[in-house]
Number of protein chains: 2
Amino acid sequence: MSEADKKLTHTMADVAKAAGVSKSTVSRAFTQPYRLTAETVERIIKIAEDFGYVPNHTARALSTGRHGNLALLVSDVANPFFPPLIRAAQMEADTADFCVFLGNSDEDARQEDKLIDRFISQVEGLLLVSSRLNAERIQVHARRRPLALINLDVPGVPRVLIDSATGVRDAMSHLADLGHKRIAYVSGPQNSWANRQRRNAVRLAARKYDMTVEIISPAIPSYDTGRAVVPQLIESKVTAAVAFDDLTAQGIMTGMAERGIEIPRHFSLVGCDDVLGAATYPSLTTVSNRSDEAGRAGVRLLLDIMDGRMAGDTRLVLDTHLVVRHTTAPPL
Amino acid sequence: MSEADKKLTHTMADVAKAAGVSKSTVSRAFTQPYRLTAETVERIIKIAEDFGYVPNHTARALSTGRHGNLALLVSDVANPFFPPLIRAAQMEADTADFCVFLGNSDEDARQEDKLIDRFISQVEGLLLVSSRLNAERIQVHARRRPLALINLDVPGVPRVLIDSATGVRDAMSHLADLGHKRIAYVSGPQNSWANRQRRNAVRLAARKYDMTVEIISPAIPSYDTGRAVVPQLIESKVTAAVAFDDLTAQGIMTGMAERGIEIPRHFSLVGCDDVLGAATYPSLTTVSNRSDEAGRAGVRLLLDIMDGRMAGDTRLVLDTHLVVRHTTAPPL
DNA sequence: TTATCTTATGCAACCGGTTGCATGTCAAGA
DNA sequence: TCTTGACATGCAACCGGTTGCATAAGATAA
């Protein structure tokens, strides 16, 4: 073994030689151990471990056509919506012994196309999250490799969708139960599918519970936007608000605190996306987004498709629910 | 060409046959066209395009050993410290036409080893961020592939370090100026390089400014940890605390608020890493982390080493500074 | 005891490129 | 005209695994 010791990286042939068997046997020890004597397998594994031998992914991929890699493309890694999703997707892939490529499209369709081209020859499947590509491009790529989407609804392409409407309905019901009659919805981007979905859910529920709704439409959702919107909220005399996302809600909390208005005693507030955990004071009541579950489900869906265990046009909808914490209370 | 038309995917041999040349010539048409007649190259390229032929990444990697891939391993994707770093690293790699594998070690050395083994045969370099591996393991891996570290100081291994000591010193000086005499350091993971560095900076500065320091050592830094630690802080009668990270600091803010202790009037608090922006109330005074710059620098360092443009034991230190916001004030 | 079936393992081709060396051609120099 | 060298291209080995088929040994049945 003194000679083997010197090598930085060993091949199957090295292990085979040391074990006194052929390459094929070593290969089988890893891929079809049941075909070998338990004793042989054991000996080979032992030697492989001593050598620190790990089968070469590339060589394996070349002969089998299976790379054991997935590509995960997101629009912005640093947007707090994504990290839990990425984490969950990564770990789910890991349990199936897949490696994942991460791509950051930077909200740019061209960049996304470029990354897909770069990944495609070394992955068995693609998972696109909040893709900016149009349906046509998506379908082109889907024809080349198994492909799944998260947060984009393209017919014929397997996809996981997060239905925030259900959670927003819960929130409205919760506010109605507490006795609120006049509420505000602090809107997100006008062209956002999620925003339309949430706003409509608010409107519908308001009608059902006989509440009035004030729609406040700042340009971009952010912490600063939330702070800036507080005077309008006060002026409109509403007793509660549903914000497009948690960041906006957090801004509203600050704005209220700065004016000495106590949440939830004087004002009730609900966020969306649950990206802050319980990390505000008081902790924010919000609509879960389940982005981690979406990530997990996306990977599983993709793996299922790759194995042909699932139809190609599966449409998986995750509903959301209200996470009641401490920013809602009956109106004064 | 009617026969070629039928194939889904073409190989170099197909193109060679159609062009009436050998495989080698086709290969050279793509990799060293200057060695061939312009006319030959042109003919081959034309046919390749007609066929929709694209060289197989895997086969190429097998023979050249160049995959054009990097591995990025972090301890927890969802920890807000990492996403900006990941994003920056990914985009930096992208400009050099590299794909990046993302691994999540989940703060577990064994998992990290496993992921490295899985990646190693298909990457040209490894970038480990806040690795939990010991120096010995790191060196073993570094011998197998070019490897760079972020946030871990192993002699002989190229590394990018974020020197939070400079920022922590600033923080201590700031607290001393305000008149604090007894402060606490709420510790992070015991085996974390950053934690040791911060703790030592606190101790040294305390000696310099003649302050007493209470070290509080919870198991894992998190929001909940911060909340849980508040009783100890109160009991120890300190007037200010420096927390290992912003999450912990945020937890402390909540814990204090729950007990009616106002920050900064009754208690001053400094975080580390600046991952929350101004999004707490009151907004958190903290030490900047520059994690995005670290990510970018790490990738560049790794690429430089791979090209042999840089010595193997480069040690790049990024210093930090204090961002004063609104959680520090003179003691009562 | 011999014929037959199992089972464990080896042989060698193959996946699709790259590359060192060999060969053949043509033009410039002697 | 013959040599020499530059240059374009081909041959075949190689990267490190996988896998269909062959073989030999042991187990079982006749």
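The values are calculated or read from the model by the stated rules, or taken from the named source; none is laboratory data. Note that the structure is a prediction, hence the values are computed from the model and not measured. Here the Cβ is made from the backbone with ideal geometry for all residues, glycine too, and neighbour counts use every protein chain on show. Each accessible area value is taken on the protein alone, full model and side chains, heavy atoms only, with ligands, DNA and RNA left out. Shrake-Rupley method; radii C 1.70, N 1.55, O 1.52, S 1.80 Å.
Quick rundown of the values:
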| quantity | calculated |
| --- | --- |
| Cβ pairs under 9 Å, 6+ apart, first in region A:47-65 and at positive phi and surrounded by 17 or more Cβ atoms within 10 Å (Cβ to Cβ), second among the hydroxyl-bearing types (Ser, Thr, Tyr) and in a loop (DSSP other than H, G, I, E, B) | none |
| Total residues in region B:280-314, condition assigned to a loop (DSSP other than H, G, I, E, B), at pLDDT 90 or above and not assigned by TED's automatic domain parsing to the domain that holds B:Leu126 | 3 |
| Yes/no for B:Gln250 being in a helix (DSSP H, G or I) and modelled with pLDDT under 95 | yes |
| Qualifying residue in region A:4-11 (condition: surrounded by fewer than 19 Cβ atoms within 10 Å (Cβ to Cβ), assigned to a loop (DSSP other than H, G, I, E, B), of a type in the set (Lys, Arg) and outside the structural domain of A:Asn151 (by TED's automatic domain parsing)) | yes |
| Verdict on A:Ser283 being out of contact with any Cys (no Cβ under 8 Å at 6 or more places or on another chain) and touching a residue at least 60 places away in the same chain (Cβ under 8 Å) | no |
| Given (1) farther than 21 Å from A:Phe51 by Cα; (2) within 14 Å of another protein chain (Cβ to nearest Cβ), index of the condition B:Arg143 fails | (1) |
| Extreme residue, farthest from the other protein chains (Cβ to nearest Cβ), among residues of region B:82-114 that are over 20 Å from B:Leu301 (Cβ atoms) and surrounded by fewer than 23 Cβ atoms within 10 Å (Cβ to Cβ) | B:Ala109 |
| Any hit, region A:33-44, residues being within 14 Å of another protein chain (Cβ to nearest Cβ) and touching a helix residue (DSSP H, G or I) at 6+ places or on another chain (Cβ under 9 Å) | no |
| Residues (of a type in the set (Ser, Thr, Tyr) and either within 26 Å of B:Asp245 (Cα to Cα) or more than 9 Å from chain A (Cβ to nearest Cβ) (or both)) located in region B:58-81 | B:Ser63, B:Thr64, B:Ser75 |
| Filter result (within 13 Å of DNA strand D (Cβ to nearest atom) and not small (Gly, Ala, Ser)) within region B:58-82 | B:Thr58, B:Arg60, B:Leu62, B:Thr64, B:Arg66, B:His67 |
| From the options A:Ile234, A:Ile261, residue that is open to solvent by 30 Å² or more (accessible area, probe 1.4 Å), modelled with pLDDT of 95 or more and within 14 Å of chain B (Cβ to nearest Cβ) | A:Ile261 |
| Pair list, Cβ under 6 Å, 6 or more apart: region B:303-319 residue free of Cβ contacts under 8 Å to residues at least 60 places away in the same chain, other residue surrounded by 13 or more Cβ atoms within 10 Å (Cβ to Cβ) | B:Asp304/B:Met310 |
| Failed criterion for B:Asn151 (all others in (1) in contact with a strand residue (DSSP E or B) (Cβ under 8 Å, 6 or more places away or on another chain); (2) at pLDDT 95 or above hold) | (2) |
| Subset of region B:134-153 [closer than 18 Å to A:Leu8 by Cβ and open to solvent by less than 20 Å² (accessible area, probe 1.4 Å)] | B:Ile138, B:His141, B:Leu147, B:Ala148 |
| Residue match in region B:49-64 (condition: away from DNA strand C (no atom under 16 Å from the Cβ) and either in the same structural domain as B:Ala297 (by TED's automatic domain parsing) or farther than 17 Å from B:Glu112 by Cβ (or both)) | no |
| Filtered residues of region A:12-28 (kept if assigned to a helix (DSSP H, G or I), open to solvent by less than 70 Å² (accessible area, probe 1.4 Å) and within 9 Å of DNA strand D (Cβ to nearest atom)) | A:Met12, A:Ala13, A:Asp14, A:Val15, A:Ala16, A:Ser24, A:Thr25, A:Val26, A:Ser27 |
| All positions within region B:171-216 that are surrounded by fewer than 15 Cβ atoms within 10 Å (Cβ to Cβ) and not in a helix (DSSP H, G or I) | B:Gly179, B:Gln190, B:Asn191, B:Asp210, B:Thr212, B:Ile215 |
| Residues of region A:91-115 classified as over 26 Å from B:Leu115 (Cβ atoms) and either of a type in the set (A, V, I, L, M) or in contact with a Pro (Cβ under 8 Å, 6 or more places away or on another chain) (or both), total | 1 |
